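Peer 1: Pasting a structure here, questions to come.
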Amino acid sequence: MISGIGALNLQQPVGTGTENAVGVSPGVLTPPVDVDAGNSFAAMVSEAASRTVGTLREAEQVSVQALQGDADMRQVADAVMSAEQALQAAVAIRDKVVTAYLEISRMTI
């Protein structure tokens, strides 16, 4: 999965007596604070893109191996489905980024 997104700060032990009405200690579910968030977001997007390209290349290699008789159809189906999921996730992330950019550009300053 993509590292850095939805990471939880679980350094404070649970059950310390400072739990709220839901039973969760303050600060237990807070995301980590990153001073250099701009670079980490760029790194996260770059890493996700690299993994997607790697998954697509792996699916292509397995498909070529199947044509040569070195891989069975189950391996091809698994690799192609994994590549499809990775590509769909990349497109969804791109769409969210474009939508966020458009919303920001419409804001009045």
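Peer 1: I need the phi-derived Karplus couplings for region 95-109: 6.51 cos²θ - 1.76 cosθ + 1.60, θ = phi - 60°, integer Hz, Gly and Pro marked x.
Peer 2: Here the 3J(HN,Hα) series is 4, 5, 5, 5, 4, 5, 4, 5, 5, 5, 5, 7, 5, 8, 9 Hz.
Peer 1: In a shell of Cβ-Cβ distance under 13 Å around residue 50, excluding residue 50 itself, what net charge do Lys and Arg (+1) and Asp and Glu (-1) give?
Peer 2: 0
Peer 1: Moving on. Within 10 Å, count the other beta carbons around each residue, average over each peptide in 41-49, 76-84, and list them highest first.
Peer 2: Ranking the peptides 41-49, 76-84 by packing returns 76-84, 41-49.
Peer 1: Can you give me the distance in nm between label points at residue 67 and residue 80, each placed 7 Å from the Cα along the Cα-to-Cβ direction?
Peer 2: Each label point is offset 7 Å from its Cα along the Cβ direction, giving 1.3 nm.
Peer 1: Roughly speaking, what is the stretch gain from residue 57 to residue 101, that is 0.36 nm per residue apart minus the C-alpha to C-alpha distance, in nm to one decimal?
Peer 2: Stretched out fully, the residue 57 to residue 101 stretch lengthens by 12.9 nm.
Peer 1: Mind listing the long-range amide H neighbours of residue 71? Cut-off is under 5 Å, sequence gap 5 or more, other chains count too, H placed in the peptide plane at 1.01 Å from N.
Peer 2: Those qualifying (amide H under 5 Å, at least 5 residues apart or on another chain) are 66.
Bear in mind these aren't lab numbers, they're just calculated from the coordinates by the rules spelled out. Keep in mind that what you see is a predicted model, and the values were worked out from it rather than measured. All Cβ positions, glycine included, derive from the backbone under ideal geometry; neighbour counts span all protein chains shown.
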